[in-house]
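Since the structure comes first, as C-alpha cells, the remarks are kept for the end.
The values are calculated or read from the model by the stated rules, or taken from the named source; none is laboratory data. Because the structure is predicted, anything quoted here is derived from the model rather than measured. Note that each Cβ is placed from the backbone with ideal geometry, even for glycine, and that neighbours are counted across all protein chains shown. SASA here: full protein model, heavy atoms, side chains in, ligands and nucleic acids out. Shrake-Rupley method; radii C 1.70, N 1.55, O 1.52, S 1.80 Å.
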Amino acid sequence: MSETTTLTRPVAEAATDSPRREVGEFLRRSARHYGQVLALYGVLKLIGFAVFMHLLDSDGGFRTKNPRFGGGAHVWDVLATWDGWWYQQIAAHGYDPALVHVPGATGMITLEGNSAAFFPLYPATMRLVSEVTGLGLYGSGMLVSVVASFAAALGVYAVTVRFGGRRAGFAAAGLWAVWPGSGMEWAAYSESLYIALAVWACHAVMTDRWLTAGVLTFAAGLNRPTAVALIAAVTVAALQTLHRRRDHMATPWFAMLVAPLGLTGYLLWVGNRMGNLAGYFALQKGAWGHTFDYGRQTADVFSSMAVGRFDYLFAFPFEDTIAAATVLLAALLLPFLIRLRPPAVLVVYTLLTLALVLGSQQIFGNVSRYLLPCFPLFIPLATRLRTVGLPTLCLVLGVAAVASGSYAGYVLFEAGVP
C-alpha cells in the first residue's frame, strides 16, 4: 500500500464522519428542543383518546349502528365512519363526480351524496401510505392523521414561541391536544393534515419563506375548502411585503400565484366533470344541506338555545351546547389575539375561518370541529399560561385531557354527526 493511500484514508474517514456528527448533533438538539413538546402532546392525546374509547365501549351504542354511520364491530371502527367512510371510498375507487337527483325528492336534500364533496389530498395520502406500508386504508388513514397531528402541534408551538417564548409554545401545543373538536385529530378525517399545512404555511410567511408558504397553501387547498381563508391570508401578507420592500420581489409573487391553484383547480375539475362549474357547491347544498347563508342559521341556533328550544335545523342538543360554548370562547379570545398585534397572516386567517364557519348553514354541532383550525386563538391563552408553574400547567392540561374524551370526542362521534 502506498504512503499516499495510507495518509489519505484518515482524511477521507474524517470527512465522512463530519457530516454524520453534524446530523447526529442536529438530531440531539431537535430532540432536546422539541421532545418535550411532542411528549406533552402525545400524553394528553393518549389520555383523551383512552377516555373516548372507554366511553364508547361503556355506552355500546355503536354496536347497533350502521358501520357507515357511527357503528362497527369494535370501538376503533367508529373513528373511520361518516366522513371517514367517504375518504376510504375515494382512496379505494377514486372519483366519479356527478349531480344525481333523488327521484321524487323535494325540500332541502334533493341530490345523492357523491365523493366529489371531499377534497383529494387526504385520501390520496391515505392510499399512498397504504401502498408503501402494506397497511389497510383504515390503518393508513389513522397513521396519516396521527403523524400530521404531531406536525401540527410542533407548528402551533413554533408560531406561539414568537409571541411568548418556549413556555407559551409548550402551553399552546397542549391546548391543541384538548381543544373542543380535538377528537378529530386522531380519526380518519382530514383536519390534522389541513391544520399541519396551515400552521406551517403561516409560520413560513412569518419567517419570510415565501416559496414554502406558497407550496403548503397550495397543498392545503387540495385538502379542505376552508383553505380559502389561508389563501387570502397569504395573499394579504404577500401584498404587504411587496409594498414594504424593493428587492427579492419574486418569492412573494410566487406564493400569491401558487397558493390558490390547489383549491381552484379541484373545484374547476369537479365542475367540468359535472358539466356545471358550480357543481361542487350545488352538491354540498343539495346532498348535505351545506351552503353559505351569511350567518342566518348560526343566529337561529343562538336565539333558540337562549330560550331553551332545540327546534332549529339539524339540532343535536348535547353537541350543539359544546359548539355554542366553543363559539363564545372564540369570541372571548379574539380581542386578546388582536391586542397582541400579530402578523396580518394570522389575523386574516383567523377572521376568515370564523366567518366561513359561522356564516354557513350546516350541522351546528360540528362547529367545534370546524373551528379547530383557528389555532391563533390558542396564542393569547397560552401566553397567559406561561406564568403558571410547569407542574400546575401539566395538571390543568391533564384534567382537560380527561374531559376532552367526552366533549371533544364522544359528543361529536356518538351524540351527534361529525
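Miscellaneous remarks
- Considering only residues in the range 303-319 that are touching a residue at least 40 places away in the same chain (Cβ under 8 Å) and within 17 Å of Gly359 (Cβ to Cβ), the one that is surrounded by the fewest Cβ atoms within 10 Å (Cβ to Cβ) turns out to be Leu313.
- Within the span defined as the range 10-31, every residue fails to be modelled with pLDDT of 95 or more and either in a helix (DSSP H, G or I) or open to solvent by less than 60 Å² (accessible area, probe 1.4 Å) (or both).
- Listed conditions (1) surrounded by 13 or more Cβ atoms within 10 Å (Cβ to Cβ); (2) within 30 Å of Leu211 (Cα to Cα) are all met by Arg245, apart from (1).
- Residue match in the range 50-67 (condition: in a loop (DSSP other than H, G, I, E, B), out of contact with any Cys (no Cβ under 8 Å at 6 or more places or on another chain) and under 27 Å from Ala227 (Cβ atoms)): no
- If you go through the range 179-196 and pick out every residue that is over 8 Å from the mean Cα position of the chain (by Cα) and over 9 Å from Ser149 (Cα atoms), you end up with 9.
- Unmet requirement for Glu185, which otherwise passes all of (1) over 24 Å from Pro380 (Cβ atoms); (2) touching a helix residue (DSSP H, G or I) at 6+ places or on another chain (Cβ under 7 Å): (1)
- Residue check for Leu332: more than 30 Å from Pro252 (Cβ to Cβ) and surrounded by fewer than 16 Cβ atoms within 10 Å (Cβ to Cβ): yes
- Qualifying residue in the range 351-368 (condition: in contact with a helix residue (DSSP H, G or I) (Cβ under 8 Å, 6 or more places away or on another chain), modelled with pLDDT of 95 or more, within 30 Å of Leu56 (Cα to Cα) and surrounded by fewer than 17 Cβ atoms within 10 Å (Cβ to Cβ)): no
- Hits in the range 154-203 - residues which are of a type in the set (S, T, N, Q) and free of Cβ contacts under 8 Å to residues at least 60 places away in the same chain: Ser192
- Condition check for Arg246: outside any helix (DSSP H, G or I) and either in contact (Cβ under 8 Å) with a residue 24 or more places away in the chain or β-branched (Val, Ile, Thr) (or both): no
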